[in-house]
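Novice: Got a structure for you, questions after.
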Amino acid sequence: MTNEIVWEKNMDSAIARARTQKLPVLLFFHNPG
Amino acid sequence: MDAVTYPDEKVIAFVQDFYIPLQIPFDAKPLSSDFNVKWTPTLITLGSDKREHHRTVGFLDPDAFIASSLLGIGKYHFDNDQYVEALTFFEKIISEQSQSDSVAEALFLRGVSLYKNSGAPKPLKEAYETLSSQFPNSEWTKRAYPYRLL
């Protein structure tokens, strides 16, 4: 286990992983400041 | 969220086990328009078909994040007609996150999932009875009100 959340930055790659791993995506819209 | 919630060990483990995490700036087009994002933080539980199942706007502390995410993943399974899987997440909220704001909705959806899974109406009536006893002022108690007659 890593000690931080490793965020995907690209929708297509997140969706591809979600399909393969049969998991939902947590889509976090943030304000990078 | 970046300072308090996401560095939390429980949150890190939860996200790794149950989600593919995707971070997008709130003003990134066209996604922010596609998802009608007006404020941050906005958190959406999304299927691999890009269908939205659950949304929150505003800060969530670690416990609230986990409770809300359990609800989101339960709704992801519920919307995909996977009622047994959905029930495991609604039950977790009820048993492990009993102080969270998500419990009333979880009780409602547990009753509906049990009904959808079995065809028996009794869980709907039990959902109303539990809600009216534990959360008399909740909107979910009002939504379950007709089930008292079953």
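The values are calculated or read from the model by the stated rules, or taken from the named source; none is laboratory data. None of the values given here were measured: they were computed from a predicted structure. Ideal geometry is used to build each Cβ from the backbone, glycine not excepted, and the neighbour counts take in all protein chains shown. The protein model used for the area step is the full one, side chains on, heavy atoms only, and it has no ligands, DNA or RNA in it. Shrake-Rupley method; radii C 1.70, N 1.55, O 1.52, S 1.80 Å.
Novice: Could you look through region B:1-17, keep only residues that are surrounded by 19 or more Cβ atoms within 10 Å (Cβ to Cβ) and not aliphatic (A, V, I, L, M), and pick out the one that is nearest to the other protein chains (Cβ to nearest Cβ)?
Specialist: B:Tyr6
Novice: While we're looking at this one, here's another question. Which of the residues that make up region A:1-16 are open to solvent by 80 Å² or more (accessible area, probe 1.4 Å) and part of a helix (DSSP H, G or I)?
Specialist: A:Asp12
Novice: For region B:122-138, which positions are out of contact with any helix residue (DSSP H, G or I) (no Cβ under 6 Å at 6 or more places or on another chain) and in contact (Cβ under 8 Å) with a residue 24 or more places away in the chain?
Specialist: Scanning region B:122-138 gives B:Lys122, B:Gln134.
Novice: Right, something else. So which of B:Leu109, B:Leu114 ends up being away from chain A (no Cβ under 14 Å), closer than 29 Å to B:Ala127 by Cβ, part of a helix (DSSP H, G or I) and over 12 Å from the mean Cα position of the chain (by Cα)?
Specialist: Being away from chain A (no Cβ under 14 Å), closer than 29 Å to B:Ala127 by Cβ, part of a helix (DSSP H, G or I) and over 12 Å from the mean Cα position of the chain (by Cα) holds for just one of B:Leu109, B:Leu114, which is B:Leu114.
Novice: Please find, within region A:17-33, the residue that is surrounded by the fewest Cβ atoms within 10 Å (Cβ to Cβ) out of those that are within 21 Å of B:His53 (Cβ to Cβ) and more than 7 Å from every other protein chain (Cβ to nearest Cβ).
Specialist: A:Lys22
Novice: How many residues, within region B:123-142, are open to solvent by 70 Å² or more (accessible area, probe 1.4 Å) and within 10 Å of B:Glu105 (Cα to Cα)?
Specialist: 1
Novice: If B:Asn117 meets every condition in (1) within 15 Å of B:Glu85 (Cα to Cα); (2) buried (at least 17 other Cβ atoms within 10 Å of the Cβ); (3) touching a residue at least 12 places away in the same chain (Cβ under 8 Å) apart from one, which number is that one?
Specialist: (2)
Novice: Within region B:18-53, restricting attention to residues that are facing chain A (nearest Cβ under 7 Å) and of a type in the set (Gly, Ala, Ser), which residue is most open to solvent (accessible area, probe 1.4 Å)?
Specialist: B:Ser48
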